[in-house]
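Heads up: the structure comes next, in structure tokens.
The values are calculated or read from the model by the stated rules, or taken from the named source; none is laboratory data. This structure is a prediction, so every number in the text was calculated from the model and none was measured. Virtual Cβ from ideal backbone geometry, glycine too; neighbours counted across all protein chains shown. Just so you know, the surface numbers come from the protein's heavy atoms only, side chains and all, with ligands and any DNA or RNA stripped out. Shrake-Rupley method; radii C 1.70, N 1.55, O 1.52, S 1.80 Å.
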Amino acid sequence: MKKVLVTGGLGFIGSHTVVELQNEGFEVLIIDNLSNSSIEVLDRITSITGTKPAYFNIDLREKAAVKDFFANNKIDGIIHFAASKAVGESVQKPLEYYENNIGTLVYILQELKANNLNNFIFSSSCTVYGQADELPITENAPIKPAESPYGNTKQIGEEIIKDATKISELKAIALRYFNPIGAHATAKIGELPIGVPQNLIPFVVQTAAGIREELSVFGSDYDTPDGTAVRDYIHVVDLAKAHIVALKRLIEDNNKAQYEVFNLGTGKGNSVLEVIKSFEKVTGKKVNYKLVDKRAGDITAAYADTNYAKDELGWKTELTLDDALLSAWKWQETL
Ligand code: UD1
């Protein structure tokens, strides 16, 4: 049985990926410092799959602990999610973001090299494209200057990994996610919003649940069909499955280069108003909203060109926006 380390494995995308890995017969080890997750997720994963993953409460900023982990655990692949991801917070705390997202990445890569571990999957983001000149966005679209320290950590992280592949046998895939949403069909795991949600779907869901009075729709005069911004919302379960495909590609030596990049999206753009309408349709719940000014740093539209992932990984999304929104609502009901 192949052993896989998932850092940030109790987080939103991490936990869904752990479930899919276990479903595919991998033995999973999780490192998570619970900075943006809950230990209960471990039991919830176990109740879905019937197998408890090994769990290590390690803070990846502690180099000695990282060294120790890799010295004591023989693993076949690493999926590295652990990172801070709040755009606004990153502007306030840039150094913390660089330490937590970049410092830890370097420590892990050093240990992979020292221990001859060569299969590495990195959580990246479509944020590296900024407002792309052409839609849909292909993997060849130029990287734009980052709008935030968070976005910068993804760009720099990709560069660091690429450089690491040049001086070792490391094989790495950076997966650039569009907008991950939704929850597991069992409603046992999902996104755990701490405080006021910054992302659209958690805010929509909490508004429908009566936790928030009203959703602010940021910007209604964008150059889009209904004036609101357009994004590519991908179901987290589809996204999770892509990680297993990418990992197998490396383990089975099917990669075409030591460093590869794939966009993960549905290929379809939806506006904020379309999301609200779909949510109301599938749940029968009303979402109070008002149109307000644009949010600083937001782009007009982004959606993925999915051809490269389809052709090379043989992966595409199977679930719809409606599926994702309904699952997000069921998860809210669990909460
Ligand atoms: C954001 C980050 C992106 C990050 C991603 C991770 C910014 C500028 N970008 O993407 O770097 O990788 O989250 O999940 O923060 N919206 C509203 N009202 C709300 C919240 C959002 O109208 O209360 C709108 C936004 O203006 C945007 C869309 O909904 O048009 C999606 O927003 P969000 O879920 O925050 O994702 P992104 O901004 O696309």
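Before we move on, is Val245 within 14 Å of the ligand (Cβ to nearest atom) and not hydroxyl-bearing (Ser, Thr, Tyr)?
In short, no.
Sort through Asp322, Asp298 and tell me the only one that's surrounded by fewer than 19 Cβ atoms within 10 Å (Cβ to Cβ) and in contact with a Phe, Trp or Tyr (Cβ under 7 Å, 6 or more places away or on another chain).
Only one candidate qualifies: Asp298.
Checking the structure you have, find out if any residue of segment 71-80 is surrounded by fewer than 17 Cβ atoms within 10 Å (Cβ to Cβ), among the charged types (D, E, K, R) and away from the ligand (no atom under 13 Å from the Cβ).
Yes: one or more hits.
Yes or no: Glu62 among the acidic types (Asp, Glu) and within 18 Å of the chain's Cα centre (by Cα)?
No: the conditions fail for Glu62.
Taking segment 145-179 as the search range and keeping residues that are of a type in the set (A, V, I, L, M, F, W, C), within 16 Å of the ligand (Cβ to nearest atom) and in a loop (DSSP other than H, G, I, E, B), which one is farthest from Gly103 (Cα to Cα)?
Here the answer is Phe178.
Return the residues of segment 301-315 that are closer than 30 Å to Asn255 by Cβ and either hydroxyl-bearing (Ser, Thr, Tyr) or surrounded by 17 or more Cβ atoms within 10 Å (Cβ to Cβ) (or both); say none if nothing qualifies.
Scanning segment 301-315 gives Ala302, Tyr303, Ala304, Asp305, Thr306, Tyr308, Ala309, Glu312, Leu313, Trp315.
Please go through segment 94-105 and give me each residue that is in contact (Cβ under 8 Å) with a residue 40 or more places away in the chain and open to solvent by 50 Å² or more (accessible area, probe 1.4 Å), ordered by number.
Tyr98
Return the pairs, sorted by first residue and then second, in which the second residue is open to solvent by 10 Å² or more (accessible area, probe 1.4 Å) and of a type in the set (Lys, Arg), the first residue lies in segment 157-174 and is more than 12 Å from Ser123 (Cα to Cα), the beta carbons are less than 9 Å apart, and the residues are 6+ apart or on different chains.
These pairs meet every condition: Ala164/Lys113; Thr165/Lys171; Ile167/Lys113; Ser168/Lys113; Glu169/Lys113; Leu170/Lys113; Lys171/Arg249.
Does segment 116-144 hold any residues that are hydroxyl-bearing (Ser, Thr, Tyr), over 30 Å from Lys74 (Cβ atoms) and within 13 Å of the ligand (Cβ to nearest atom), and which are they?
If the condition is that a residue be hydroxyl-bearing (Ser, Thr, Tyr), over 30 Å from Lys74 (Cβ atoms) and within 13 Å of the ligand (Cβ to nearest atom), then Ser125, Thr127, Tyr129 are the ones that fit.
If you go through segment 180-200 one residue at a time, how many are surrounded by fewer than 23 Cβ atoms within 10 Å (Cβ to Cβ) and either within 8 Å of the ligand (Cβ to nearest atom) or of a type in the set (Gly, Ala, Ser) (or both)?
So the count comes out to 7.
Of the numbered conditions (1) open to solvent by less than 40 Å² (accessible area, probe 1.4 Å); (2) part of a loop (DSSP other than H, G, I, E, B); (3) within 11 Å of the ligand (Cβ to nearest atom), Arg212 fails exactly one; give the number of that condition.
Unmet condition: (1).
Among the numbered criteria (1) more than 13 Å from the ligand (Cβ to nearest atom); (2) part of a helix (DSSP H, G or I); (3) crowded, with 17+ Cβ neighbours inside 10 Å, which single criterion is violated by Thr207?
Result: Thr207 passes all but (1).
Do we have any residue at all in segment 112-133 that's on the phi < 0 side of the Ramachandran plot, within 21 Å of the chain's Cα centre (by Cα), in contact (Cβ under 8 Å) with a residue 60 or more places away in the chain and open to solvent by 50 Å² or more (accessible area, probe 1.4 Å)?
Checked segment 112-133: at least one residue is on the phi < 0 side of the Ramachandran plot, within 21 Å of the chain's Cα centre (by Cα), in contact (Cβ under 8 Å) with a residue 60 or more places away in the chain and open to solvent by 50 Å² or more (accessible area, probe 1.4 Å).
So, of the residues in segment 277-295 that are touching a Phe, Trp or Tyr at 6+ places or on another chain (Cβ under 8 Å) and within 18 Å of Asp226 (Cβ to Cβ), which turns out to be nearest to the ligand (Cβ to nearest atom)?
Arg295
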